[in-house]
Amino acid sequence: MGSNDSDSHNQVIVLQAGYSCRDEEDETAMRANCSCTLVRCRDGTNILVDTMTAWDGEHLRSLLAKHGVGVDEVHVVVCSHGHSDHIGCNYLFQEARMHLVGACVSHRDLYMGHFGGGQNDEELALDSNAEVVVRRSPGHTLSCVSVIVNNTQLGGRVGITGDLFERLEDIEDDSIWRDAGSENEELQRQERSKMADICNFIVPGHGTIFSITPSMRIKLRKDMTSNC
Ligand SMILES: [Zn+2]
């Protein structure tokens, strides 16, 4: 058997970093698209996290093709939450065994019971090694989820968090994530701190992947206790 990296690690591939900014012509409007991430698990499971807008189908198809993955080879689709820039191309992935939109898990017209109980710490494993799991990370919306990838090629644990983090800069300037909308700011502060404590890298909802430093963890812990 081969022993290349894809046998020993789960590969986190950010297909496209997201963005969000004010529109140049209409100052009341925003331009935004999500970070779109492919996770190639070492057991062969392919997971796509957040599928951009409904106008990105051909673009997304070609991003996946660059990594040798066809739309029919995506086994699980996870949308961190149900906003239109995170779910737009779900329709491309009809061979997937399940689609998650936030904590709602479905396949065709079958809606499954995951995350239906009251426990906030429920984890749903997506690969046979249980190294890639989905868990609730409420705040931006109350139904938000994050994908946690253990044993990655990056040498640490990666949290693919949707809009729990908007982008790196929102750690210093919390108006960035609050202005992006939060259904529960207090919960979001708790979840941000929790996520930073357990992860080495974050793929935020609308920015490039970044690594978590000890001083970031301290800052996020402080935000949680001092902003109630
Ligand atoms: Zn978003």
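The values are calculated or read from the model by the stated rules, or taken from the named source; none is laboratory data. These numbers were taken from a predicted model, which means no experiment stands behind them. Please note: Cβ atoms are built from the backbone with ideal geometry, for glycine as well, and neighbour counts cover all protein chains shown. Remember, those area values only see protein heavy atoms, side chains included, never the ligands or the DNA or RNA. Shrake-Rupley method; radii C 1.70, N 1.55, O 1.52, S 1.80 Å.
Say we look at region 170-184 and pick out the residues that are assigned to a helix (DSSP H, G or I) and away from the ligand (no atom under 14 Å from the Cβ); which of these is most open to solvent (accessible area, probe 1.4 Å)?
At the first step, the residues of region 170-184 found to be assigned to a helix (DSSP H, G or I) are 170-171, 175-179.
Now drop any that are not away from the ligand (no atom under 14 Å from the Cβ), which leaves 171, 175.
On the way: ILE171: 6, SER175: 41 Å².
Once the filter is applied, the top-ranked residue is SER175.
Report yes if ASP223 is away from the ligand (no atom under 16 Å from the Cβ) and either among the basic types (Lys, Arg) or closer than 22 Å to SER20 by Cβ (or both), otherwise no.
Numbers: away from the ligand (no atom under 16 Å from the Cβ): yes; either among the basic types (Lys, Arg) or closer than 22 Å to SER20 by Cβ (or both): yes.
Yes, satisfied.
Quick one: which of THR53, THR45 is hydroxyl-bearing (Ser, Thr, Tyr) and farther than 15 Å from GLY205 by Cβ?
On the way: THR53 fails: farther than 15 Å from GLY205 by Cβ.
Going through THR53, THR45 in turn, the sole match is THR45.
Would you confirm whether or not region 106-123 contains a residue that is in contact (Cβ under 8 Å) with a residue 40 or more places away in the chain and within 23 Å of CYS36 (Cβ to Cβ)? Break it down into steps so the answer makes sense when it comes.
Filtering region 106-123 for residues in contact (Cβ under 8 Å) with a residue 40 or more places away in the chain gives none.
There is no residue in region 106-123 that is in contact (Cβ under 8 Å) with a residue 40 or more places away in the chain and within 23 Å of CYS36 (Cβ to Cβ).
Among the residues of region 16-59, write down those that are more than 16 Å from the ligand (Cβ to nearest atom) and more than 19 Å from VAL133 (Cβ to Cβ).
Answer for region 16-59, where residues must be more than 16 Å from the ligand (Cβ to nearest atom) and more than 19 Å from VAL133 (Cβ to Cβ): GLU24, GLU25, ASP26, GLU27, THR28, GLY57, GLU58, HIS59.
Which condition from (1) touching a Leu at 6+ places or on another chain (Cβ under 7 Å); (2) within 15 Å of the ligand (Cβ to nearest atom) is the one that ARG167 breaks?
(1)
Quick check on region 195-219: of everything there that is of a type in the set (A, V, I, L, M), open to solvent by 50 Å² or more (accessible area, probe 1.4 Å) and part of a helix (DSSP H, G or I), which residue is nearest to ALA32 (Cα to Cα)?
Across region 195-219, the extreme among qualifying residues is ILE198.
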